[in-house]
Amino acid sequence: QAAYESAQSLWPGGMGGVNFMLHGAGWLEGGLASSYEKFIMDADQLAMMEVVCRGVDLSETGQAMDAVREVGPGGHYLGCAHTQANFETAFYRSSVADYESFEQWQQEGSLDAAQRANTQWKEQLASYQAPAIDPAIDEALNAFIAEKKAAVPDSNI
C-alpha cells in the first residue's frame, strides 16, 4: 500500500515538471516514520518517472530511422548498428526490480523488492565516502551546529 500511496503522491509533481522531489521518499505513516528500503524503492520510482516525464525523443537517434532503413521489412534489430550503440541506455532498468525468469529468481533466493532494497541501501552506506571539505568550513559548520543545539533544548516528548 505504501508504494501505491507514494506513486500517487509523486506523479503529480513529476508531471508538473518539478526538478527535485524528496518529499515522499522513504516516508511511511504520512511522514511519521521512514524506511531505508522504501527510500530506495521510492528513489527508483522517481528515476522511472523522470524518464517518462522527459517525453519522447524525437531526435534521429531516438527515432532510429537509420535502423529502420538498415533492417527493412521482416528483419530484426538486434544486430543492427543502432541497437548495438544504444541498447544499454535506451530504457530505464530498475535497480530494485528482478528481471530474471521465475526459476532463476527462485534459485537466487526468491528475494522480494524490499529485500533487494535492503541489500542496496546497506551496500550504498558501506561504500559511502564523505566528500572533501575545507577544514575551516567543517569547523565553522560544527561550531554552528553546537551553538544551535545549545540554544534549542532537546524535546522532552
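Please treat every number below as a calculation from the coordinates, not as lab data. Fair warning: this is a prediction, and the values are worked out from it, not measured in the lab. Every residue, glycine as well, gets a Cβ built from its backbone with ideal geometry; the counts of neighbours run over all protein chains shown.
Testing the spin-label approximation: label points 7 Å from Cα along Cα→Cβ at R54 and E123. State their distance in nm.
Label-label distance for R54 and E123, simple model: 2.2 nm.
Please list the non-local residues whose amide H lies under 5 Å from the amide H of S34, H modeled 1.01 Å from N, same-chain partners needing a gap of 5 or more.
L28
Report the equivalent ellipsoid semi-axes for the chain in whole Å, largest first, defined as the square roots of five times the eigenvalues of the gyration tensor built from alpha carbon atoms.
Equivalent ellipsoid semi-axes, largest first: 41, 22, 18 Å.
What do you get for GluC sites (Glu not before Pro) in the stretch 1-104 restricted to DSSP loop and a cutoff of at most 14 other Cβ within 10 Å of the site's Cβ?
Taking the stretch 1-104 and a limit of 14 other Cβ atoms within 10 Å, the loop GluC sites (Glu not before Pro) found are E88, E100.
Alpha carbon centre of the stretch 72-89 versus the stretch 9-61: separation in Å?
30 Å
Which residue fluctuates the most in the chain, going by a Gaussian network model with Cα springs under 10 Å, if the choices are D138, D44, D98?
Its mean-square fluctuation being the largest, the pick is D138.
Rounded to the nearest 500, what is the chain's calculated 222 nm mean residue ellipticity when only DSSP H runs of at least 4 contribute -39500 (n - 2.57) each, over all residues?
Helix-only estimate at 222 nm: -17000 deg cm²/dmol.
Rounded to the nearest whole Å³, what is the per residue volume of the convex hull around the Cα atoms of the stretch 98-150?
Hull volume over Cα atoms, normalised by residue count, gives 123 Å³.
Roughly how many debye, to the nearest 20, is the charge dipole of the chain about its Cα centre, given +1 on each Lys and Arg Cβ, -1 on each Asp and Glu Cβ, and no other charges?
Charge dipole, the chain, about its Cα centre: 240 debye, nearest 20.
Considering Cα pairs under 8 angstrom that are at least six residues apart, work out the relative contact order of the chain and quote it in whole percent.
20 percent
Label point 7 Å out from A90 along Cα-to-Cβ: which residues of the stretch 43-79 have amide N under 16 Å?
Zone members listed by number: 56-79.
Could you size up the charge dipole of the stretch 1-55 around its Cα centre, putting +1 on the beta carbon of Lys and Arg and -1 on that of Asp and Glu, and report it in debye to the nearest 20?
It comes to approximately 160 debye.
Treating cross-link reach as a plain straight distance, find the lysines whose alpha-carbon is under 26 Å from the alpha-carbon of K122, omitting any fewer than eight places away in the same chain.
Within the straight-line limit of under 26 Å, K122 reaches these lysines: K38.
In a shell of Cβ-Cβ distance under 12 Å around W121, excluding W121 itself, what net charge do Lys and Arg (+1) and Asp and Glu (-1) give?
-1
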